[in-house]
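Student: Please read through the structure below; I'll follow up with questions.
What follows draws every value from the coordinates through simple rules; no lab data is involved. Bear in mind the structure is a predicted one, so any value in this text is a computation, not a measurement. We place every Cβ from the backbone using ideal geometry, glycine too, and count neighbours over all the protein chains shown.
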């Protein structure tokens, strides 16, 4: 089947500059509503990727996201949220972006076009066959990502991808491709919109389901979350009060702070 870059196709809307603010917002929202339905179609492929990641993590592996521009930033965001939310060590889930940390805040020209740099950036983390590398590329054609996945394949490292074009070049390389075809963007070619939303939803699904599968959630609670602010401490106290059946808020708070997480407090409280 031939490859068509749907993400670059003409918007369904014309003369955006002549729309009222209300019309713009209504039409953007109309387009956004289609994204979860596109993600739903990809659930079987997302499941395969998640299962592969879980298997690798149980043998000591890590999860790497690699991308450029918006895709890269989304990967960095998802990776950075895993330690505080689930209490896993920094480095278990890693976001790698073309252009490095500077590219998180501003665009780095031509960084995504360097086909060799993706693998060089992964090498800094000593990536190996225990790990899984997921390339994120709305177009599915980003040289930085494709080059990285090609090198991973050569070295026996399991790969996945998240893209918004069907039969994309990156999908042909990845062991576990995920294609979420959301159609043309409201602003032609602006893949930070529907494509970015789709990628964010899939990343949420991947990291959340992986963390649940490796035991970082009990019932529906984040029992390993890091106590980094008062809101989270309060949430932790209420969880712990329920688990150890103690109603004295301040006493439970002191127990929680002593042990550093709900899980450890439950394990050590007598």
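Student: Using only Cα atoms, tell me the angle between helix 21-32 and the longest principal axis of the chain; keep it within 0 to 90° and round to the nearest 10.
Tutor: That works out to roughly 80 degrees.
Student: Can you sort 112, 23, 166 from fewest to most other Cβ atoms within 10 Å of each residue's own Cβ?
Tutor: On the way: 112 26, 23 12, 166 16.
In increasing order of surrounding Cβ atoms, one gets 23, 166, 112.
Student: If each residue's Cβ is checked for other Cβ atoms within 10 Å, how do 171, 51, 71, 261 rank with the fewest at the top? Don't jump to the answer; show the numbers that get you there.
Tutor: On the way: 171 22, 51 14, 71 31, 261 18.
Going from least to most buried by this count: 51, 261, 171, 71.
Student: Based on other C-beta atoms within 10 Å, arrange 164, 152, 82 from fewest to most. Show your work: numbers first, answer last.
Tutor: Numbers: 164 30, 152 27, 82 22.
So the residues, fewest neighbours to most, are 82, 152, 164.
Student: Once you place label points 7 Å from the Cα toward the Cβ at residue 106 and residue 4, how far apart are they in nm?
Tutor: Result: 3.9 nm between the two label points.
Student: Please state the Cα pair-distance histogram of segment 1-43 with 10 angstrom bins from zero: what percent is in each bin?
Tutor: Answer for segment 1-43: a P(r) of 21, 41, 29, 8, 0 percent.
Student: Another one. Hey, in the GNM for the chain with a 10 angstrom Cα cutoff, which one of 44, 36, 83 fluctuates hardest?
Tutor: Greatest mean-square fluctuation among the candidates belongs to 44.
Student: When DSSP assigns beta bridges and you keep just the ones with both residues in the chain, what percent turn out antiparallel, to the nearest 5? Walk me through the intermediate numbers first.
Tutor: Numbers: 1 of 20 bridges.
Counting only bridges with both partners in the chain, antiparallel ones make up about 5 percent.
Student: Quick one: angle between helix 43-57 and the longest Cα principal axis of the chain, in degrees between 0 and 90, rounded to 10, please.
Tutor: 50
Student: Next up: In degrees from 0 to 90, rounded to the nearest 10, what is the angle of the helix 69-86 Cα long axis to the longest principal axis of the chain?
Tutor: In the chain, helix 69-86 runs at an angle near 10 degrees to the longest axis.
Student: Stokes-Einstein D for segment 195-234 at 20 °C, 1.002 mPa s, Kirkwood Rh over Cα pairs, in µm²/s? The partial results should precede the final answer.
Tutor: On the way: Rh = 11.7 Å.
Calculated translational D: 183 µm²/s.
Student: Right, next: So what are the three principal axis dimensions of segment 103-150 from its Cα atoms, in whole Å, longest to shortest?
Tutor: That gives 32, 21, 17 Å along the principal axes, largest extent first.
Student: In nm, what is the difference between 0.36 nm times the number of residues separating residue 259 and residue 51 and their Cα-Cα distance?
Tutor: Numbers: separation 208, 0.36 × 208 = 74.88 nm, distance 3.18 nm.
So the chain would gain 71.7 nm between residue 259 and residue 51.
Student: Okay, moving on. Here are some values of percent of Cα pairs over 34 Å apart: (1) 19; (2) 10; (3) 28. Which one was computed from this structure?
Tutor: (3)
Student: Pick out which of 121, 131, 219 has the largest mean-square fluctuation in a Gaussian network model of the chain, springs linking Cα atoms closer than 10 Å.
Tutor: With Cα springs under 10 Å in the chain, the top fluctuation among 121, 131, 219 is at 219.
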